[in-house]
Amino acid sequence: MPTTPKPASATVVSQQQALLNSLPFSDTQDFEDATRGLVGRRQPNAVTDADGAVVWDNDTYAFLEGDAPDTVNPSLWRQSKLNTAEGLFEVVPGIYQVRGMDLSNTSFVEGDEGVIVIDTLLTNETGAAALALYREHRGDRPVKAIVYTHSHADHYGGTKGFISTEDVESGAVKIFAPEGFVEHSIVENVYAGTAMNRRAAYMFGAALARGPQGAVGAGLGQTLSTGEVSFVPPTDIISTTGQEVTVDGVRMVFQMAPGTEAPSELLLYLPDFKALCAAEDATHTLHNTLTLRGAVVRDPHAWAKYLTETIDLWGGDVEVVFASHHWPTWGKERVVKFLQDQRDIYAYLHDQTLRMLNKGLTGPEIAEEITLPPALENAWNARGYYGSVSHNVKAIYQRYLGWFDGNPAHLWEHVPVERAKRYAKLAGGVDALVANAREAFDAGDFRWAAEVANHAVFAQPDHAEAREVLADTYEQLGYGAENGTWRDFYLAGAMELRDGQFGTPTETNAPDVIANLTPEMLFDAIAIQVNGPRAWDEKLSIDVVLTDSDDRYRLRLANGVLTYSAAPQQGDADATITSARAALPALAAGNPAALAAAGIEVSGDASVLGRLTAVLDPGDKNFAIVTP
Ligand SMILES: [Zn+2]
């Protein structure tokens, strides 16, 4: 029986009131923009999978109306109301968007006979529902092309809801994507995928009940749909800024923006509509320089530079900007100001972080010290609903200087459990830590309460009162957070302390993604599962021969590490695997039955496969986060 959430404390209530008084809530332009051009809605909104399970239901956010309750930051409440405006919308005649049907948007550009789809949502079910909604109102136009703006799953995962692989193979549908798309979309979801997905469950509040004391939205969109993720590789790679492609009479001019919000990303301009698709580089939030689920840190300097280029390329012509999340902005002046604000927030955070780190400030100190120019502070599109100033500047510090702040005290610290035990001893026992945390809680110093209570839980995880005060503290921090992902993290932490771990409810490392691994990526994915100590004394070699290409690899396990080479090798391997490239992923399963079923032949000493499998140690989808 889940524990009942608690009310907001007086401290949080007064914080919410202060924000209400300081931000320009009377500016309601965003509400006009988020609802402008509504063509039709899907009612009721729920989307189900083949088994009838609900994978998306925007109607569950119907509680988001009127003023913010005490338990939700009023700025986040406003953002969530905007994000739940759902339906098919006309951007300009000939360009339509389905919004509020997943974390992300899908956009439709009508050509002579058919339609070009820009981004396909996260899962096939929501993708298919969005296409059906579009066709219901705009006719049964065939999909002529798809553009993937970047390498994140919420922009390509729903593709099989729009088209089939046969449509691509027959040449009926072209798929455009930026250079590096396949590599990055797969690497990000596979190598560190288990950890990212577990952390993403916190970040998107996947296990939280929706409501004023639970999940209210993730800032970028409401949450992730939970259907099936597909991966259909692109047919046409875009690699040059200024490259122009015409499909079905629609002219598209591309701008490359690698290393911005995604490692592989592009923006595109539709000159015949005077419409700019800003992908995910200009949205109605301060985005992440480092997403809390974890990723390789992004480059806000490049991000700002590319947005300058966007303005220079099309700022004189553009009449509307739409993106892969949130609502469009209309009118040349407003579009350019929006792009400038977005550019300036990334440039400002980047430059000020470097200015301050060169004075010796560390990441957490910069996060505390930095202040924004009032014009950006009050620009709704630059508020930290998804990224935050606080965690973004720490990420910029990390990008340039890494995890170490230069203080030798931090070079070789005890691990959290050992520190916690020593703090408990210093305080006079875990009970004393708990009493101090409760005191801080009552005084509204939740940041200190979290630190002290966290030590108490790590020193003695079964201490019921320690868990309770830590959960209560996270809850208040969640209620006060303007950032949707901070709120989710805090409330998810409280939930796991109170009710136990919820694991990983949604995963993006889908079978379709695994099936598209290159042989090298597959070998890497296996190598990172090798349990080093278990494999110390193991020594084996396997040749992999692909039947549908000239590629041949030698895999070698020795010294606890699996390495590979495509160069010609001396001598024979212990075993040889002969496989079609598409069947190779069965190698990850390792057992003879799976290999045989996939049509993979093994010659030589087949027992080496079992020895390799025996040292594999896959990730834990339910690893502990708020407890040791
Ligand atoms: Zn996205």
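The values are calculated or read from the model by the stated rules, or taken from the named source; none is laboratory data. None of the values given here were measured: they were computed from a predicted structure. We place every Cβ from the backbone using ideal geometry, glycine too, and count neighbours over all the protein chains shown. Areas reflect the complete protein model, heavy atoms only, side chains present, ligands, DNA and RNA absent. Shrake-Rupley method; radii C 1.70, N 1.55, O 1.52, S 1.80 Å.
Measuring with a 1.4 Å probe in the full set of protein chains, what accessible area per residue, in whole Å², belongs to the chain?
41
For the stretch 134-235, what does the relative contact order come out to in percent, with C-alpha contacts under 8 Å and a separation of six or more?
Relative contact order, the stretch 134-235: 36 percent.
List the lysines whose alpha-carbon lies under 29 Å from that of Lys332, not counting same-chain residues fewer than 8 positions away?
Lys81, Lys274, Lys305
Towards the positive end of the charge dipole of the stretch 195-288, with charges on Cβ (+1 Lys, Arg; -1 Asp, Glu), say which of Asn288, Ser264, Gln213 has the farthest Cα.
Gln213
Local charge sum around Leu546 (other residues, Cβ-Cβ under 10 Å, Lys/Arg +1, Asp/Glu -1)?
Here the count lands on -1.
Please list Val545, Val320 in order of solvent-accessible area, largest first, computed with a 1.4 Å probe with all protein chains present.
Final ranking, largest accessible area leading: Val545, Val320.
Largest first, what is the accessible-area ranking of His326, His414 with a 1.4 Å probe?
I get His414, His326, largest accessible area first.
Taking the Cβ of Ala527 as the center, what net charge do the other residues with Cβ under 11 Å away carry, scoring Lys and Arg +1 and Asp and Glu -1?
Charge balance near Ala527 sits at -1.
Quick check: pseudo-label points 7 Å beyond the Cα along Cα→Cβ at Asp572 and Ile237, how many nm apart are they?
3.8
Taking the Cα of Trp448, stepping 7 Å toward and past its beta carbon, and measuring to each backbone N in the stretch 1-23: which are under 17 Å?
11-12, by backbone N distance to the label point.
I need the Debye-formula profile for the chain: one equal scatterer per C-alpha, no solvent, reported as log10 I(q)/I(0) at q = 0.07 1/Å, two decimals.
Here log10 of I(q) over I(0) equals -0.48.
Contour minus end-to-end for Thr165 and Asn591, with contour as 0.36 nm per residue of separation and end-to-end as the Cα-Cα distance?
Residue separation times 0.36 nm, minus the Cα-Cα distance, leaves 150.5 nm.
Any chance you could run the full-extension gain for Glu439 through Ala558? It's 0.36 nm times the residue separation minus the Cα-Cα distance, nm to one decimal.
37.3 nm
Give the carbon-plus-sulfur fraction of the accessible surface of the stretch 430-506 in %, rounded to a whole number; probe 1.4 Å, heavy atoms of protein chains only.
Result for the stretch 430-506: 49 percent of the exposed heavy-atom area is carbon or sulfur.
Just going by the charge dipole of the stretch 455-601, with Lys and Arg at +1 and Asp and Glu at -1 on Cβ, which of Ala510, Gln529, Ala567 is farthest out on the positive end?
The residue sitting most towards the positive pole is Ala567.
In deg cm²/dmol, rounded to 500, what helix-only [θ] at 222 nm does the chain give when every DSSP H run of at least 4 residues adds -39500 (n - 2.57) and the total is split over its residues?
-11500 deg cm²/dmol
Given Thr223, Gly493, Thr35, which one lies farthest toward the positive end of the charge dipole of the chain, if we put +1 on the Cβ of every Lys and Arg and -1 on the Cβ of every Asp and Glu?
Going by the charge dipole, the pick is Gly493.
Using alpha carbon coordinates only, what is the Rg to Rh ratio of the stretch 272-334, with Rh defined as the Kirkwood radius?
1.01
Based on Cβ point charges of +1 for Lys and Arg and -1 for Asp and Glu, what charge dipole magnitude is obtained for the stretch 239-381 about its Cα centre, in debye rounded to the nearest 20?
The calculated dipole for the stretch 239-381 is roughly 60 debye.
Taking the stretch 412-488, which GluC sites (Glu not before Pro) meet the DSSP loop condition and have no more than 16 other C-beta atoms within 10 Å?
Answer in residue order: Glu413.
Under a point spin-label approximation (7 Å from Cα along Cα-to-Cβ), what is the His137-Glu377 distance to one decimal in nm?
The answer from the label model is 3.9 nm.
Is any helix in the chain, taking whole DSSP H runs, at least 15 angstrom long along its axis by alpha carbon and on average at least 0.0 on the Kyte-Doolittle scale, and which ones?
10-22, 430-442, 446-459
Any chance you could run the full-extension gain for Lys274 through Ser549? It's 0.36 nm times the residue separation minus the Cα-Cα distance, nm to one decimal.
Using 0.36 nm per residue and subtracting the Cα-Cα distance, I get 94.5 nm.
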